[in-house]
Amino acid sequence: MKAMVSSRLEGFYKKSLGERWKILEKEAKLSEPDIALLKKEGSLTLETADKMIENCVGLFSLPYGIAANFKINGREVLVPMVTEEPSVIAAASHGAKLCFEEGFTARAGPSLMRGQIQLVGVKNPETTREKILEEKATLLDLVNQRDSTLLKLGGGAKEITVRILQGNRGQMVLVEVAVDVKDAMGANAVNTMCETMAPKLEDISGGKKRVRILSNLCPERVVKAHATWKKEIVGSPVIEGVLDAYDLAVHDAFRATTHNKGIMNGVDSVLMATGNDFRAVESGAHSYAAFQKPYGPLTHWEKTGTGDLKGSIEIPIAVGIVGGVTRTHPLAQLSLKILQVKTAGALGEIAACVGLAQNFAAMRALSTEGIQKGHMALHARNVAMAAGATGKDVERVAQQMVKEGNIRGERAKELLWKQGIKKAFAGDARKNARKIQAPSPDFESTPD
């Protein structure tokens with residue numbers, strides 16, 4: 001029996017990289033090669049990358065981090081996330097920490113994806129619709145023969161429906177096939193089935209095939225998750241603030257859009273870490289937010305009878321743990337190992353819970369101290385590095401800018417210049433002080 005993972009990584013952000021690797025080695029049961037992969041600058045080789053995309057000329061790296069404090073369906077989970085935004089992992093970890101006692105409960109829906117075949121120039125759409133439905137069994141057999149592996153796993157094409165749409169260029173017949181893709185994201189399987197079915201549909205309809213592709217809106221493949229934040233932990237003022245912020249998102253599309261963007265900050269980061277198509281999920285999520293209703297938030301927030309805050313999320317998440325980048329990118333494989341997931345549904349549940357935690361943390365900040373306080377404090381290090389700070393100077397300059405509330409590139413350069421002067425004098429090298437370039441005269445000066 002595997003030892004239980006602990007996601008309570010107290011002070012993880014304060015640790016050195018070496019210390020974090022040791023903790024991760026212990027908690028996620030990683031091997032020496034696993035840790036070596038994390039240490040390697042460029043875990044994806046150029047040879048592999050060249051086979052993944054066209055015109056490859058190099059590698060573009062993003063930070064890979066771990067969100068802590070997640071307990072999902074009673075299991076503690078360490079969550080790999082890939083993001084360039086400073087506050088995302090901190091916010092998700094903090095949101096999860098504040099509801100850790102009970103944690104998150106999540107359930108993924110069936111792994112159904114929808115393929116679409118567009119037929120144009122059909123003389124009698126209604127008759128064609130009837131003919132296609134009469135041939136349903138034959139058509140399903142036809143496409144399932146192309147993916148015997150999926151069929152053996154219990155997946156494959158399950159249903160065919162036909163819609164008649166009136167477009168600007170006339171009527172069109174839209175044939176849709178529902179496919180159970182199991183633990184794959186499903187794009188390749190569904191697209192192949194659509195291409196296979198299209199010639200037969202042309203014969204039946206007498207029309208011309210056009211679009212043959214899956215839809216990224218997958219209302220059947222929805223993940224639902226919820227969690228409760230206790231009033232004695234987060235406080236009644238925070239609960240009231242979150243509810244007010246949520247109320248705005250419900251009644252204003254401009255706010256709802258940014259509300260959902262914050263959710264996707266968390267979801268996308270998990271999907272990137274596992275080599276999944278975050279753009280497809282992003283598209284489907286925003287479409288679902290407006291599916292058969294006005295655009296609104298993907299989460300729901302309410303106060304319980306005991307005065308606690310309950311949050312829930314309902315979001316389509318089409319992800320895979322087999323095929324594609326999940327099998328070719330070493331860090332994507334390592335992420336799945338750290339997550340200890342065995343199904344695509346389990347991965348979707350984790351991503352949804354991260355999105356919910358992210359949403360709580362964002363609304364908590366927005367309705368209390370403001371979103372910029374925490375975000376800019378973390379962003380200060382990026383500003384310091386962009387100004388030329390290295391080593392310990394990064395933290396020194398960042399902390400001073402945060403203390404002043406003046407997080408700007410000009411101020412960072414000025415602080416670096418002053419730091420350089422201090423170092424020169426401290427080393428009894430006054431003559432070297434003259435060699436240190438001062439900031440340009442137009443820099444605004446702020447007292448230390």
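Numbers below:
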{"read-out": "Residues satisfying the stated conditions in the stretch 285-326, i.e. modelled with pLDDT of 95 or more and either touching a His at 6+ places or on another chain (Cβ under 7 Å) or of a type in the set (Ser, Thr, Tyr) (or both)", "value": "Ser287, Tyr288, Tyr295, Pro297, Thr299, Thr304, Thr306, Lys310, Gly311, Ser312"}
{"read-out": "Members of the stretch 40-93 that are without any contact (Cβ under 8 Å) to a residue 24 or more places away in the chain and touching a Leu at 6+ places or on another chain (Cβ under 8 Å)", "value": "Gly42, Leu46, Ala49, Cys56, Gly58, Leu59, Glu84"}
{"read-out": "Failed item, numbered, when Ser205 is tested on (1) more than 27 Å from the chain's Cα centre (by Cα); (2) surrounded by fewer than 21 Cβ atoms within 10 Å (Cβ to Cβ)", "value": "(2)"}
{"read-out": "Residue list for the stretch 204-253, restricted to those being in a strand (DSSP E or B) and either closer than 30 Å to Leu174 by Cβ or of a type in the set (D, E, K, R) (or both)", "value": "Lys208, Lys209, Arg210, Val211, Arg212, Ile213, Leu214, Ser215, Val222, Val223, Lys224"}
{"read-out": "Test: residue in the stretch 158-179 that is assigned to a loop (DSSP other than H, G, I, E, B) and surrounded by 12 or more Cβ atoms within 10 Å (Cβ to Cβ)", "value": "no"}
{"read-out": "Flag for Lys373 being surrounded by fewer than 16 Cβ atoms within 10 Å (Cβ to Cβ), farther than 22 Å from Val88 by Cβ, of a type in the set (D, E, K, R) and at pLDDT below 80", "value": "no"}
{"read-out": "Residues of the stretch 51-105 that turn out to be polar (S, T, N, Q) and more than 16 Å from the chain's Cα centre (by Cα), as a count", "value": "5"}
{"read-out": "Residues of the stretch 273-284 satisfying the condition of being assigned to a helix (DSSP H, G or I) and out of contact with any Pro (no Cβ under 6 Å at 6 or more places or on another chain)", "value": "Phe278, Arg279, Ala280, Val281, Glu282, Ser283"}
{"read-out": "Neighbours by Cβ (under 8 Å, 6+ apart or cross-chain): first from the stretch 235-251, closer than 19 Å to Ala290 by Cβ; second surrounded by 20 or more Cβ atoms within 10 Å (Cβ to Cβ) and among the aromatic types (Phe, Trp, Tyr)", "value": "Tyr246/Trp301"}
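Yes/no per residue for (1) in a loop (DSSP other than H, G, I, E, B); (2) over 15 Å from the mean Cα position of the chain (by Cα); (3) under 16 Å from Thr258 (Cα atoms); (4) among the polar types (S, T, N, Q):
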residue	(1), (2), (3), (4)
His286	no, no, yes, no
Gly305	yes, yes, no, no
Ala332	no, no, no, no
Cys353	no, no, no, no
Arg364	no, yes, yes, no
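The values are calculated or read from the model by the stated rules, or taken from the named source; none is laboratory data. Bear in mind that the values here come from a model prediction, so they are computed numbers and not experimental data. Note that we place each Cβ from the backbone using ideal geometry, even for glycine, and neighbour counts take in every protein chain shown.
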